[in-house]
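Right, one structure below, let's go through it.
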Number of protein chains: 2
Amino acid sequence: MPRINTGLFATVCATFICAVGVAAAVVAHADETPANASPIYGVTIPDGYRQWQLIAPATEGAPLNEIRAVLGNDIAVKAYKEGTLPFPDGTILTKLAWKHAQSAEFEPAGVPGAATTVQFMVKDSVKYKDSGGWGFGRFVNGQPVDEKQHQTCLGCHQAKVKNHDLVFSRWAP
Amino acid sequence: MPRINTGLFATVCATFICAVGVAAAVVAHADETPANASPIYGVTIPDGYRQWQLIAPATEGAPLNEIRAVLGNDIAVKAYKEGTLPFPDGTILTKLAWKHAQSAEFEPAGVPGAATTVQFMVKDSVKYKDSGGWGFGRFVNGQPVDEKQHQTCLGCHQAKVKNHDLVFSRWAP
């Protein structure tokens with residue numbers, strides 16, 4: 001009867017268990033980030049965001065050529081009005097973007113053309129402690145764009161508006 | 001004793017009464033159009049308009065160089081969503097305008113600079129039956145601009161957007 005190498009057996013078992021564990025973790029992680037949530041941050045589109053108050057309109061030139069509107073939930077609006085920085089947990093900002101088209105009825109006017117992206121910043125100082133307290137989500141036709149695009153959010157906001165809690169928009173009176 | 005010409009007396013009295021009546025009407029009219037209401041239309045700034053929902057952002061090129069946001073009260077938003085034309089009585093639209101400034105933090109972006117005008121269109125098919133059902137009000141620093149400027153509103157709206165109940169803005173999804 002051959003001698004059983006218990007050391008090898010233990011190693012194989014441990015490797016197997018570990019592999020199963022990793023696989024389970026991957027499955028669990030996949031379950032936690034549903035298909036309609038942004039990569040990296042897991043941000044989903046909040047209900048009723050289109051009814052939120054206007055923070056400010058904006059434009060962006062070439063190559064995007066967009067016209068935009070930033071809206072905020074009640075926590076965001078209160079923080080803006082009171083000048084609260086950093087923004088409190090629960091703040092959500094959304095930026096709606098459209099192609100910047102020329103009005104067919106009034107030549108000097110620019111108006112929204114086709115919708116392009118809807119983007120969100122969600123403040124949660126615990127969940128997003130590694131990204132300045134903010135989670136980002138960029139959506140096209142209601143679906144999140146890929147991870148590569150989401151990798152660009154934080155660096156730009158950190159580089160440009162570190163003194164305004166990573167938020168570009170100011171309240172337009 | 002001289003004979004009293006009762007016919008002349010009656011005429012003088014009637015003229016006097018008429019003149020008093022006209023003067024009273026003028027005073028009453030002045031009272032009905034307070035200093036904070038627009039000339040011609042008597043539109044005043046409605047409470048809470050800055051909290052209304054966004055209809056659409058817009059821009060206007062030279063010479064104004066403005067960025068704008070059109071907001072609407074609940075009646076306006078419902079009409080937009082349901083495609084109701086003409087807009088029902090009680091609809092109020094407001095256009096907030098700012099100078100279109102370049103962002104100091106992100107070169108391709110245009111953002112609101114100094115506030116310029118706040119304008120309103122108020123639908124009342126009875127009160128404003130002679131102007132397509134709409135009353136107009138244009139305000140700078142909370143005060144209505146002069147009558148001459150208000151004389152320009154209706155003609156432009158009638159010439160450009162007669163098929164959209166004199167309203168330029170469309171709902172930006």
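The values are calculated or read from the model by the stated rules, or taken from the named source; none is laboratory data. Everything quoted here is computed from the prediction, not taken from an experiment. Positions of Cβ are backbone-derived with ideal geometry, glycine not excepted, and every protein chain shown enters the neighbour counts.
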Answer residue from segment A:29-68, given it is surrounded by fewer than 22 Cβ atoms within 10 Å (Cβ to Cβ) and small (G, A, S) and is nearest to the other protein chains (Cβ to nearest Cβ) among those: A:G61
- prompt: Any chance segment B:140-157 includes a residue that's in a loop (DSSP other than H, G, I, E, B), of a type in the set (S, T, N, Q), under 11 Å from the mean Cα position of the chain (by Cα) and more than 14 Å from chain A (Cβ to nearest Cβ)?
  reply: yes
message: I need the full set of residues from segment B:124-173 which are without any contact (Cβ under 8 Å) to a residue 60 or more places away in the chain, within 17 Å of B:P86 (Cβ to Cβ) and of a type outside the set (A, V, I, L, M, F, W, C), in order please.
response: B:D124, B:S125, B:K127, B:K129, B:D130, B:G132, B:G133, B:H157, B:Q158, B:K160, B:K162, B:N163
The listed residue being assigned to a strand (DSSP E or B) and among the β-branched types (V, I, T), out of B:V126, B:V111: B:V111
field: Restricting segment B:69-111 to residues that are surrounded by fewer than 16 Cβ atoms within 10 Å (Cβ to Cβ) and touching a residue at least 60 places away in the same chain (Cβ under 8 Å), the residue that is farthest from the other protein chains (Cβ to nearest Cβ)
entry: B:L85
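Conditions tested, residue by residue: (1) modelled with pLDDT of 95 or more; (2) in contact with a strand residue (DSSP E or B) (Cβ under 7 Å, 6 or more places away or on another chain).
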| residue | (1), (2) |
| --- | --- |
| B:L93 | yes, yes |
| B:Q102 | yes, yes |
| B:Y128 | yes, yes |
| B:G133 | yes, yes |
| B:F136 | yes, yes |
| B:V145 | yes, yes |
| B:Q149 | yes, yes |
| B:Q158 | yes, no |
| B:P173 | no, yes |
